[in-house]
Amino acid sequence: MKAIVYTKYGPPEVAQLMEVPKPIPKDNELLIKIYSSTVNRTDSGFRSAEYFISRFWSGLLRPKYKILGCEFAGIIEEIGKGVTTFQKGDKVFGYNDKTFGGHGEYLTIAESEAVTNIPDNISFDEAAALTEGAHYALVDIRAAKIEPGQNVLVYGATGAIGSAAVQLLKHFGATITAVCNTKNVELVKSLGADIVIDYQTQDFTKTENKFQFIFDAVGKSSFGQCKPLLTEKGIYISTELGKNGENILFALTTPLWGGKKLLFPIPTITKKDVIFLKELVQKGEYKPLIDRKYTLEQIVDAYKYVETGQKTGSVVIKIVQ
Ligand SMILES: NC(=O)c1ccc[n+]([C@@H]2O[C@H](COP(=O)([O-])OP(=O)(O)OC[C@H]3O[C@@H](n4cnc5c(N)ncnc54)[C@H](OP(=O)(O)O)[C@@H]3O)[C@@H](O)[C@H]2O)c1
């Protein structure tokens with residue numbers, strides 16, 4: 001089968017199209033023919049190993065799992081003889097940041113992992129883009145224990161994480177102030193933001209409002225900058241480590257002081273989470289934003305675009321046209 005293989009960490013060019021053996025499902029696994037995948041910041045992070053810490057999961061000297069692609073959507077071609085919850089021919093989507101494999105024509109995954117059926121109201125491309133940004137957003141929103149009516153600010157509301165966060169916060173009943181670029185103001189309103197601050201014409205730190213939760217979905221602000229906007233026991237979460245890794249230090253210390261605090265939740269995803277996201281899609285409460293689409297052959301260009309830090313939502317890789 002065709003797949004994008006990387007045998008060493010580095011720039012987008014280390015990802016190369018090759019012929020590799022088709023995987024064989026174990027007794028508890030599904031063999032999925034991939035129709036669509038994405039290139040996202042998780043794939044980029046593991047490929048570049050820019051943060052050395054990622055190598056503790058992916059291999060210290062070189063990658064253990066050589067085909068990236070944590071998001072996937074496709075059709076089950078074969079099931080292991082112990083599989084009971086899926087059938088051959090089922091359309092499925094999911095997330096796999098343990099062994100990856102979405103950047104190839106086939107992958108195998110245990111039926112118990114974060115994989116479920118694609119809802120009828122979306123395409124393979126949309127299904128592929130459902131989980132990466134949304135599961136980071138979900139983990140952070142849950143950590144902040146958001147209640148209906150609470151005031152939340154989402155900084156960077158148009159990325160994969162930010163655009164999912166706005167829609168999920170709407171589902172949880174928050175009142176959302178979103179910060180984005182002039183060109184995306186209407187888009188962000190359509191996702192559910194109640195107030196939109198255009199960072200090109202307004203300084204969000206000058207707002208008069210106070211927030212129970214500030215979620216920096218693109219890691220461009222700091223706890224110090226946002227602290228005056230938090231309520232007395234307000235919570236700040238960023239998707240980045242901050243200057244000199246300060247967010248790790250604040251996550252260890254600020255919860256001890258009892259006032260405004262910074263949290264740094266460890267991302268996780270389970271089958272229950274993908275089912276939750278699927279049900280939101282079915283109810284029309286969540287739809288991933290899709291920016292550009294590329295083919296497997298164009299993967300280097302896809303990575304380069306993702307790494308501009310300017311994508312709107314997700315970048316899809318179409319494997320079956
Ligand atoms: N290391 C990892 O494994 C990993 C994994 C996932 C995510 N992350 C981190 O999580 C963050 C978000 O990821 P993502 O995939 O959601 O991001 P993304 O999709 O790449 O975010 C792009 C969006 O960020 C907005 N943006 C760029 N600069 C901005 C600024 N100065 N102020 C406000 N908005 C700005 C842009 O919107 P406008 O056009 O409105 O400016 C663009 O739509 C990234 O920092 C990423 O590194 C890391």
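Every number here is computed from the coordinates shown, using simple stated rules; none is lab data. Remember, predicted model here, so these are calculated numbers, not experimental data. No Cβ is skipped: glycine too gets one built from the backbone with ideal geometry, and neighbour counts run over all protein chains shown.
Okay, here's what the table says:
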item: Highest-MSF residue in the chain out of 295, 42, 201 [GNM, Cα springs under 10 Å]; result: 201
item: Other-chain or far-sequence residues with amide H under 5 Å of residue 35's (modelled H); result: 73, 74, 75
item: Lys/Arg +1, Asp/Glu -1 at C-beta; the range 200-277 dipole; positive extreme among 275, 265, 228; result: 275
item: Relative contact order for the range 96-251, counting Cα pairs under 8 Å that sit 6 or more residues apart, in percent; result: 17 percent
item: Peptide ranges 181-189, 232-240, 139-147 listed from the most packed, as the mean C-beta count within 10 angstrom indicates; result: 232-240, 139-147, 181-189
item: Rel. contact order, % - alpha carbon contacts under 8 angstrom, at least six apart, the chain; result: 20 percent
item: Part-to-part distance (alpha-carbon centres) for the range 7-33 and the range 139-185, which is given in Å; result: 34 Å
item: Share antiparallel - DSSP beta bridges, the chain, percent rounded to 5; result: 55 percent
